[in-house]
Every structure is written in structure tokens, then in C-alpha cells.
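> One structure is given below, represented as C-alpha cells, and several questions about it will come after.
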Amino acid sequence: MNRLNTLFNTKKDNLLSIYYTAGYPALNTTVDIAEALEKAGADFLEVGFPYSDPVADGPTIQHSSEQALENGMTLNQLFEELKELRKRVSIPILLMGYFNPIVQYGVERFCKRAVELGVDGVIVPDLPMYEYEARYANYFIDNDLSNIFLVTPQTSEERIRKIDELSNSFIYLLSSSSITGGSLELTNSIEDYYKRIKAMELSNPTIIGFGISDHKTFEQACAYANGAIVGSKFVKLLAEDDYMGKIPAFIQSVKG
Amino acid sequence: MKYGVNEKGYYGDFGGAYIPEMLYPNVEELRQQYVNIINDEGFKAEFDDLLKNYVGRPSPLYHAKRYSEKYGANIFFKREDLNHTGSHKINNAIGQILLAKRLGKKRIIAETGAGQHGVATATVCALMGIECVVYMGEIDMARQAPNVSRMKMLGATVRPASSGSKTLKDATNEALRDWIGNPVDTHYIIGSVVGPYPYPDMVARFQSVISEETKKQLLEQTGNELPQYVLACVGGGSNAMGMFYHFLDDEDVKLVAVEAAGKGVNSGESAATTFLGQEGVLHGSRTILMQTPDGQVVEPYSISAGLDYPGIGPQHAHLFKVNRAQYTSITDDEALQAGLLCSQMEGIIPAIETAHALAQLEKMTFKPEDNVVICISGRGDKDLDTYIKYFNF
């Protein structure tokens, strides 16, 4: 049982996760930011490793990825920085990024190294369920590294059931079919989708992401799921002066 | 077909559908329906009718006599440049717009490099009265300005892709992002044999008319439907796949795919994917792509916007790996010289993409009785500015 399972067993509501891109705004900040987020009250974190062609991301995360790559961020660099992680941070950590850098690193080697450094799970948007199951699942299972699947309003019930079966920590619900960084209006159709998922009584907890940016959208999401993820809005904060000093107030403003 | 796609969407180690969940319903809908739709008699009749009466097919197979003399073999040009809109791209655009109509889609998006696929897509959207948005890299919009104007005149919206290298791969990223945000009413007409399964197979089938006709024409003109050599240029690889398709199982036919070496394979400014790439995942399929040791996609370079792509289609990756086709590369300079030669010896100004395939002739030796087919994938009107600057006309 990894830290994610422990977290979801002890806390069922209003879980707040924060996404940020490793290497942005500068190298060697990954663990500092993680530590500050834990102190400020985030429940778990998603650390993005940048990719040159992030097709599921909007302008904010595209920009942070480009900047991180220019700064010299690589998987090797990230793993170097994460050597400090478990000395200073105890909340669960997921890595989030696209599949090609993992293929180049070696999928099995990546899973092993991530777990050695204290990473609990990964989110790889362009590694869908079928390809995962057919070719790569064993590497994740053998290393007790959770692989998180996405669900959108268009995902069929049958497929959601299958995703629930393959998941072992939580399911990532996308608020809408969109790239990251959009704004979220809680329309009737989104509410119906949240209700539909809730009524399915899935065995895994659900966390809502994409379009969650403030207390209002966080609260709306938490009414239907176990928690929510803030990404682009936090990445924007990292562009500001003294962003480290502003982290506690940011987390407070989202949690309310 | 020995070299065709298997039921899981793979060509050997390559292919698959590495797509975010947001694209799954769209791609799954295509996967379930494309073979039935393409094989439907009504679809075939409409497709064939448009290819004949709108595109102007069959395109001629022209015995290039002066080229034959120069290179010491029987050189045939498969004249895709004579198609409506000036390249092979229209074959696939017609096929996919008919498919999109049957799927009930109301809006079309496309990516384009040289603009040939964008023009073809804008054309078929005008023909069918469907909204069309084309994504094009900012740099490509500048170097292929006439095609941008053509798309606009045809009623399409052209949106610049201003991220990354501002060329074809970035236009593809933007089109994918658009599709993620419009998952129900929009069909994405991918222009090459790239992308998640079933695109590589679907586009190859629509382009396979090139080799289907070539076989018949060769039989008429030479008494044998099989040539010794078939040549085509490769960016993503759609004209090459169409040109190779019906020859794949005829193992005696040597297939030659010509990549863009840019300023030289080892110059750091190149798009010669099989020489510089490794296996990985790009735009939804497992294939060979140019990348850093960290798995970041390398920005390619070629003077030809249509070959300026860091990957190749998964079926090409497979043909390369199992040695069914030979992959070579031609530099900017070699291609431009070949474009000039073809203009002045055969009276045909080829697209710079096509000129890469023509330049390959210089590097080959033939027997006098060899029959050699080259796909003249597009005409050079769009490239006149580049030719003019290079040769100081």
C-alpha cells in the first residue's frame, strides 16, 4: 500500500492536489515547492515533467514546459532533484507527463527509479488504457507505482467500469473535454456528468481536474468527488516574484 | 496483406493509438466504422465518381523520354501533380470528407505543412459546404503564402500555430488540441499516414489509388504491371505509401523512400528521420522520430515545408525496420537542382517535396530494361518563390 492509498483511507473529502511543472520557473526548485505546498496544506501533488509537444495542455502549461526545457529540465535532472524528496516531504507525489520521455528512459527503468525516490503514482495522458494493459501494466504493478487514468464526460459507462478495475488509487475526472487551463462554468451538463459518476459508486476515489482555479470551483468539484486538482492557476503564480512566499495564501484561498 | 496493419492497430512494433482519453471516443468511432464505410458500395461509387470527375483521375503515367535517356532506364512519372489542387493530397481529403459526412460531422479541422493538404481539405469542405479550420505553422504560412491565400479564398479559416518550431508538427499539435475541445461534431482530416490508428491505414487506403492505377498503366504501356523500382519522397509518407501500397507484396519490386536531408544529414538541420531518429511515440503512434536522449522531439529542418516533419508514419517505420523499403535522403541543394533539371528536360516544374524523389535518380544505377516509377506528388507553383531566390531568376 503506497502513500496514496493511505491518504484516501484516512481522508475522504475536500482533498486538494496541486500540479506544477518541474524546472519552472528554475531548476532545483521541485522539492522546495513541494515542501512549501505540504506546509500550506495541500494533500498531494502532481509534478509535471516537461515535453516538447504537450497536446493535452493549454497555453499556461505549454509555456511552463517550454521554459523548463530551456532551463535544462530532463527526467535525469528531475530524478536528481527528487533524491531530497522523502527527506523533506511526506505527502503523496505523482509524476505527470507524456509518454515519449518515459519510452526513451525505458518504461521499466522509469517505474523502478520513480518508486525508489518515493514517487507514488504517474499520470500519462497519452498512454491510454488499451496500450497500458497490453504492453506496460506489469512494470507499474511490479513496482507498486499507481497509474492514474482519465475520464471525460464522453467516456462510456462500460469504459469507466474497466478503468475502475484497472485503477488502484484514484480516478482523474476531467471537468470537460478540453485542454488544461480552461475556465469552468458549472453547467447543468457538467453537473449531470458528476452526478452520473457519483451514482456509479466506483471502488476508487475520484478527483476532479481541469478548470479548477479557486475556492468556488474547488467547492463545486468537492461536492461530487473526493477532491480536486489545481494546475494552470498555480503555474501562473510561479511566474510571479516571491512565489514561494505566496504559496500559503494561495492554498488558503482555494481551500477557503 | 503481409505489411498491412494487424487487428490491434500495429505494423510490427509500430502504430497503436497513444491518445489522451479526451480523443478516445472520436478515434474509437473511426476505428469501428472506417472499414465498413470504405467498403460500402455507395461510398465507393461516390469516391470513385469524385476522383474521376472532380479530381481528374486516373492521373497519367508518363514515360519521361529524356529522363529515360539520361538515366539509362525507362523512367515513368506518376502525375499526381495534375490532380485538382495540384498534389496527391486531394485523394485522401475526398475520402475523409465523405467519411466525415457519413459520421454526421459538422466541422472539419486539418493541419498542413506546405499547404497542399490544407488546400485539398479547404477544397473538399467548399465542395460539401462544411466549415473548415486549417492549422498551419507560422513559418510555413510565410514560406507558402500562395497556399494560405488559396485556403482563404476557398472559405477556410487558417489559424497560425505559433508554438515550438512553428511548422508542421506544431500545426498537428494545435489541430489535436482543437479536436480535444470539440469531441462531438468535429472530424480531424489528418493529411498523412501518421497519427493514431486507424489514421495511418485509412489514409494509406485512400492514397492507394496511386499504385492501383500505376499497375494497370504499366501493364498497358510495358506489358508488365510490375516495375523494378518505385520511388517517392517521404515527410509523414502519404504519397509514398499510396505509391507503394499495391506493390508491397510484390517483393521483387524495389521500393525507395526519399527523406529530406536538409543542409546535410549530420548538419543539425535535417529532417532525415530514419537516419537521425529512434523509436518512440509521436502524434498518437509508436514510430521512429527525431528526438533528444531525453525524449524531446527535435525540431526538423528542410527547405521543403511538406517534408519538414520529425517523424514518419508507423507503416514506414515498419517497412524500414524489416528492410522492405530502402530509405535514403537528399539535401536541399540536390533537390532544388533536380527541380530545375526536371523543369528544363521534361517541362514539369515539380514541388520541392517531389524534387527530392527526382534527385534520388542521380544516385542510382539501372539496367537499360529497368522500369522505374517516380511519384510526382505535387506541382511546383507554390514553390516558385523558393526556386526564384535560389537560382536568382
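Every number here is computed from the coordinates shown, using simple stated rules; none is lab data. It should be emphasised that the depicted structure is a prediction, and the values quoted were computed from it without experimental measurement. Please note: Cβ atoms are built from the backbone with ideal geometry, for glycine as well, and neighbour counts cover all protein chains shown.
> Going down the table (B:LYS169/B:LYS321; A:LYS12/A:LYS233; A:LYS236/B:LYS263; B:LYS44/B:LYS216), which pairs top 30 Å between alpha carbons?
Values: B:LYS169/B:LYS321 23 Å; A:LYS12/A:LYS233 24 Å; A:LYS236/B:LYS263 39 Å; B:LYS44/B:LYS216 19 Å.
Exceeds cut-off: A:LYS236/B:LYS263.
> Give me B:HIS117, B:HIS84 ranked fewest to most by other Cβ atoms within 10 Å of their Cβ, as a rough exposure proxy. Numbers along the way, then the final one.
On the way: B:HIS117 31, B:HIS84 16.
Fewest-to-most ranking of B:HIS117, B:HIS84: B:HIS84, B:HIS117.
> Students often forget the sequence filter, so: which lysines lie under 16 Å Cα-Cα from B:LYS215 once same-chain residues fewer than 8 apart are removed?
Counting by Cα, and skipping residues close in sequence, B:LYS215 has these lysines nearby: B:LYS78, B:LYS254.
> Can I ask one more? Taking a quarter of the surface of the Cα convex hull of chain B, what do you get in nm²? Mind dumping the intermediate values first?
Values: hull surface 69.5 nm².
Dividing the Cα hull surface by four gives the mean projection, 17.4 nm².
> May I pose another question? Over the Cα atoms, compute the radius of gyration (one decimal) and Dmax (the largest Cα-Cα distance, rounded to a whole number) for the stretch B:1-86, in Å.
Values for the stretch B:1-86 (Cα only, Rg and Dmax): 19.4, 56 Å.
> For the stretch A:39-109, what size does the Cα cloud have along each of its three principal axes, sorted from largest down, in whole Å?
32, 29, 21
> Residues with amide H under 5 Å of A:SER146's amide H, sequence separation 5 or more or different chain, H placed in the peptide plane at 1.01 Å from N; which?
A:GLY121, A:VAL122
> For the stretch B:243-343, give the share of DSSP beta bridges that are antiparallel, in percent and rounded to the nearest 5; count only bridges with both residues there. Write down the numbers at each step before the final one.
Numbers: 7 of 14 bridges.
The antiparallel proportion sits near 50 percent.
> By the scheme Lys and Arg +1, Asp and Glu -1, what is the net charge of all other residues having a beta-carbon under 10 Å from that of B:GLY235?
Details: positive: none; negative: B:GLU259, B:ASP308, B:GLU353.
Every neighbour counted, the sum reads -3.
> Could you pull the Rg and Dmax for the stretch B:309-385, using just the Cα atoms, both in Å?
Final numbers for Rg and Dmax: 13.9, 39 Å.
> How do A:LYS162, A:LYS233, B:LYS2, A:LYS216 rank when sorted from fewest to most other Cβ atoms within 10 Å of their own Cβ?
Working: A:LYS162 16, A:LYS233 20, B:LYS2 8, A:LYS216 13.
The fewest-first ordering by Cβ neighbours comes to B:LYS2, A:LYS216, A:LYS162, A:LYS233.
> Per residue of the stretch B:75-83, in order, report the coupling 6.51 cos²θ - 1.76 cosθ + 1.60 (Karplus, θ = phi - 60°) as ³J(HN,Hα) in whole Hz, putting x for Gly and Pro.
9, 10, 9, 8, 7, 5, 5, 8, 4
> Starting from the amide H of B:CYS132, placed 1.01 Å from N in the peptide plane, find each other amide H under 5 Å away whose residue is 5 or more places distant or on another chain.
B:ILE108, B:THR157
> Normalising by the residue count of the stretch A:12-255, find the relative contact order in percent from Cα pairs under 8 Å and 6+ residues apart. Each step should come with its number before you reach the end.
Working: 437 pairs, mean separation 59.5, N = 244.
Here the relative contact order equals 24 percent.
> Turning to a different aspect of this structure: Please report the orientation-averaged projected area of the stretch A:23-154, defined via the convex hull of its C-alpha atoms, in nm².
Working: hull surface 33.2 nm².
Mean shadow area of the hull around the Cα atoms is 8.3 nm².
> Considering every residue in A:124-133, what mean count of other chain Cβ atoms within 10 Å of its Cβ is obtained? Walk me through the numbers on the way to the answer.
Values: counts 2, 7, 12, 4, 11, 2, 7, 8, 0, 0.
Across the residues of A:124-133, the mean count of other-chain Cβ atoms within 10 Å is 5.
> Sort B:251-258, B:365-372, B:90-97, B:237-244 by packing, meaning the average of other beta carbons within 10 Å per residue, with the highest value first.
Working: B:251-258: 19.2, B:365-372: 14.0, B:90-97: 26.9, B:237-244: 31.5.
Highest to lowest by the protection proxy: B:237-244, B:90-97, B:251-258, B:365-372.
> For the stretch B:262-344, what size does the Cα cloud have along each of its three principal axes, sorted from largest down, in whole Å?
Principal-axis extents of the stretch B:262-344 (Cα, largest first): 42, 27, 20 Å.
> Which net charge results for the neighbourhood of B:GLY137, defined as the other residues with beta-carbon distances under 11 angstrom from its beta-carbon, given Lys and Arg at +1 and Asp and Glu at -1? Intermediate values should be presented prior to the final figure.
On the way: positive: B:ARG143, B:ARG159, B:LYS166, B:LYS169; negative: B:GLU111, B:GLU138, B:ASP140, B:ASP170, B:GLU174, B:GLU299, B:ASP308.
Its environment carries a net charge of -3.
> Any chance you could check the Cα centroid distance between the stretch B:1-40 and the stretch B:274-330 for me, in angstrom?
For the stretch B:1-40 versus the stretch B:274-330, the Cα centre distance is 20 Å.
> What is the Cα radius of gyration of the stretch A:12-255 over 2.2 N^0.38 Å, N being its residue count? All intermediate terms of the calculation are to be shown ahead of the outcome.
Values: Rg = 16.8 Å, N = 244, 2.2 N^0.38 = 17.8 Å.
In units of the 2.2 N^0.38 Å rule of thumb, it is 0.95.
> A follow-up question, please. Between A:SER183 and A:LYS11, what FRET efficiency comes out of the Förster formula 1/(1 + (r/R0)^6) with R0 = 45 Å and r the beta carbon distance, rounded to 0.05?
Values: r = 28 Å, r/R0 = 0.62.
Plugging the Cβ-Cβ distance into 1/(1 + (r/R0)^6) gives 0.95.
> Add +1 for every Lys or Arg and -1 for every Asp or Glu among the other residues with Cβ under 12 Å from the Cβ of A:THR217, and state the total. Before the final figure, lay out the partial values.
Details: positive: A:LYS216, A:LYS233; negative: A:GLU185, A:ASP214, A:GLU219.
Summing Lys and Arg as +1 and Asp and Glu as -1 gives -1.
> Sticking with this structure for a sec: Each residue of the stretch A:108-125 in turn: what ³J(HN,Hα) in whole Hz from Karplus with 6.51, -1.76, 1.60 and θ = phi - 60°, glycine and Pro shown as x?
5, 4, 4, 4, 4, 5, 4, 5, 3, 8, x, 7, 9, x, 9, 10, 10, x
> Right, next: At a Förster distance of 45 Å, what's the computed FRET efficiency of B:LYS65 paired with B:ASN6, Cβ-Cβ distance as r, to 0.05?
Working: r = 43 Å, r/R0 = 0.96.
FRET efficiency, B:LYS65 to B:ASN6: 0.55.
> Using modelled backbone amide H atoms (1.01 Å from N, in-plane), which distant-in-sequence or interchain residues come within less than 5 Å of A:GLY48's amide H?
Long-range HN contacts for A:GLY48: A:TYR20, A:THR21, A:ALA22, A:MET96.
> Same structure, new question: If I stretch the segment between B:LEU103 and B:TYR54 completely, what's the gain in nm (0.36 nm per residue apart, minus their alpha carbon distance), one decimal? Let's see the in-between values first.
On the way: separation 49, 0.36 × 49 = 17.64 nm, distance 2.24 nm.
That pair, B:LEU103 and B:TYR54, stretches by 15.4 nm at full extension.
> In nm, to one decimal, how far is the A:ASP142 label point from the A:GLU116 one, both placed 7 Å along Cα→Cβ?
1.5 nm
> May I ask you to evaluate 6.51 cos²θ - 1.76 cosθ + 1.60, the Karplus curve with θ = phi - 60°, for each residue of the stretch A:64-79 and list the ³J(HN,Hα) values in order in whole Hz, giving x for glycine and proline?
Ordered by residue, 3J(HN,Hα) equals 5, 5, 4, 5, 4, 5, 4, 5, x, 5, 9, 5, 4, 5, 4, 5 Hz.
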